[in-house]
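Here is the structure we will look at, set down as structure tokens.
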Amino acid sequence: MPSVIAFLSRMPADYQRPYLDALRAALPDDIVAPLAALSPSQRAQAPIAIVANPDPADVAALPGLLWIQSLWAGVESLVAALPAHSPPTMRLVDPEMSRTMAEAVLAWTYYLQRDMPRYARQQTQRVWVQQTYRKPSQTTVGLLGLGELGQAAAARLRDAGFVVRGWSRSPKTLDGIETLSGDDGLGAMLATADIVISLIPLTAQTRGMLDATRLGRMKPGAALINFSRGPVVVTQALLDALDRGHLSHAVLDVFDVEPLPIDSSLWDHPRVTVLPHISAPTDHETAAQVIAGNIRDFRATGRVPGNVDMTRGY
């Protein structure tokens, strides 16, 4: 008898369809279906829910749920929506997402290292001036966050010749990369990095982490890349730092409100590059394969998986 796996999402149907198709292909012997397509008996027996921004009421409608598999790597919205006593939750850990994020980190680090924002401004002014070239070995990149995504990005930057300093909440050791932790380590990293890249999860502790004080501690003329979550950075404080020339540029892929409101001043700011949350999109096929593997492991071992600490928020 096929097992029932509930798919819970508030995404529009057109967005859900590729994920459902990939999951059904990866789990051909199971019934993978939205809650509305499941009968009362199927809802009662479903032990697993695959979720993407689910309605908490839909999760509560599955009384036999043993664990929850998120389609996303970031789970702050899920943690905030679900009660503390919810079943164990597994965030998506997909090597393809780590590769894609590392690729984006390297691409936009090159963008800043090669002074592309300045050349873009020169083009609008029809100015033909060659700026001084700065080698990767002369450029220090500070990474905020050394989880799966951060470690992959750090290795890619190191291999490209950049000087990499990584910061995490707890001490870590990475080959060929200086690692820092704690408040003192954060201050040292901000003060020495030419480019700071945020890859930290959004939690109660990291919300507003890059505020006016910490942005002010960054190296004069440094640039910021935010590929984590918008609320990690205090937007007005960032604009103030850019306007007074303390920071040279910001590449922003995430925002407090998404899509970015059309009247946001970020759109037209000459020292801001706006990206529509594209640094590391979930790949339908590889995510489905990872999730199918997690489900097979659960069935083989009986161990309920979960890598999300509801008290920490990630």
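The values are calculated or read from the model by the stated rules, or taken from the named source; none is laboratory data. No experiment lies behind these values; they were computed from the predicted model shown. Backbone-built Cβ (ideal geometry, glycine too); neighbour counts: all protein chains shown. Remember, those area values only see protein heavy atoms, side chains included, never the ligands or the DNA or RNA. Shrake-Rupley method; radii C 1.70, N 1.55, O 1.52, S 1.80 Å.
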Scanning the stretch 122-135 for residues that are open to solvent by less than 60 Å² (accessible area, probe 1.4 Å) and either out of contact with any Lys or Arg (no Cβ under 9 Å at 6 or more places or on another chain) or hydroxyl-bearing (Ser, Thr, Tyr) (or both) gives GLN122
Of all residues in the stretch 260-314, how many are surrounded by 16 or more Cβ atoms within 10 Å (Cβ to Cβ), part of a loop (DSSP other than H, G, I, E, B), more than 18 Å from the chain's Cα centre (by Cα) and at pLDDT 95 or above? 4
Only one residue in ARG43, ARG17 is within 23 Å of VAL290 (Cα to Cα) and surrounded by fewer than 20 Cβ atoms within 10 Å (Cβ to Cβ), so which one is that? ARG17
Please list, ordered by residue number, the helices (runs of 4 or more DSSP H) wholly in the stretch 62-156 having 3 or more residues that are farther than 28 Å from VAL272 by Cβ. 76-81
Filtering the stretch 46-75 down to residues that are open to solvent by 30 Å² or more (accessible area, probe 1.4 Å) and closer than 14 Å to ILE295 by Cβ yields LEU66
Hits in the stretch 289-298 - residues which are more than 13 Å from ALA73 (Cα to Cα) and either touching a Phe, Trp or Tyr at 6+ places or on another chain (Cβ under 9 Å) or touching a residue at least 40 places away in the same chain (Cβ under 8 Å) (or both): GLN289, ALA292, ASN294, ILE295, PHE298
In the stretch 204-229, which residues are in a loop (DSSP other than H, G, I, E, B) and either touching a Lys or Arg at 6+ places or on another chain (Cβ under 7 Å) or polar (S, T, N, Q) (or both)? GLN205, THR206, SER228
